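Following: one structure in structure tokens, then a few remarks.
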Amino acid sequence: MLKIGDKEFSSRLLSGTGKFRDKNDIKKMLEKSGSQIITIALRRVNLENPQDNVLNYIPKHITLLPNTSGARNADEAVRIANIAREAGCGDFIKIEVIHDAKYLMPDNEETIKATRILAKDGFTVLPYIMPDIVTCKKLEDAGASVVMPLGSPIGSNAGLQTKSILEMIIENSNIPVIIDAGIGLPSQAASAMEIGADAVLINTAIATASNPALAGEAFSWAIKAGRIAYLSKLQEQSQYANASSPLTGFLNL
């Protein structure tokens, strides 16, 4: 089981609501993938128009993870988090502080500030960050429930370009590590789990697939396989051959 805050989850796939061509595909994706946590941007929660309100397409048993998308500093992130709570989205919050419009890289310093404030206010904080082991330790001290370092630029589908740093973070973290952003293939998700990630968040790769539900199922199986592989403690790679059978005792040698 994956424990985040005071909740436990059997699925290690976190999903998102952005970029779906048809909002009806969200429920189908959740059913096929088994994902139990889904991110939502507050601007997509339209209480006045049910047809445009993304909450109407998410089953009630799914844990909502509002994000602070659009926040450019800690103060804005805190304000968005409180609005999400007041709108009935619960106490889970994904901190996104981004003021770089070209590469969409998160601001780690402002994220730490927002995390400290929101954790003290009773939020279960999941901060999205540039991979950095020092930042992760500071977030632990600030009260984060997990850390969410990126694998590669958001929406890029480029995979684990930060793998070596992610491995350091995973090895030294006392809270769950969820790889967020950049994973575009099930094989990449499996690789993230094989190095010891506790979970992954996949949005773009699933939502933009021709069949989002089937894509969600593929990622679900890949994540399970990667997790089992990690738990099995597979042997490390070697540059030399290592025979699986004895090289003596045959052909009269």
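Odds and ends about this structure:
- Cα→Cβ-extended label distance, 7 Å offset, between residue 105 and residue 82, nm: 3.1
- Among beta bridges that DSSP assigns inside the chain, antiparallel share in %, nearest 5: 10
- Euclidean distance of C-alpha centroids, segment 1-44 and segment 106-159, integer Å: 19
- Percentage relative contact order, the chain, counting C-alpha pairs under 8 Å, at least six apart: 18
- Sites matching chymotrypsin sites (Phe, Trp or Tyr not before Pro) across segment 95-168 that sit in DSSP coil, with at most 15 neighbouring C-beta atoms within 10 Å: 103
- Helix-only CD estimate at 222 nm, as mean residue ellipticity for the chain, using -39500 (n - 2.57) per DSSP H run (n ≥ 4): -10500 deg cm²/dmol
- Taking a straight line from the alpha carbon of residue 7, these lysines sit under 21 Å away, with near neighbours fewer than eight places off in the same chain left out: 60, 94, 120, 224.
- For the pair residue 233 and residue 31, a Förster radius of 35 Å applied to the C-beta separation gives a FRET efficiency near 0.60, rounded to the nearest 0.05.
All of the numbers you see were taken from the coordinates with simple rules; none came from a lab. These figures come from a predicted structure and were not determined experimentally. Methodologically, a virtual Cβ is constructed for each residue, glycine included, from the backbone with ideal geometry; neighbour enumeration extends over all protein chains shown.
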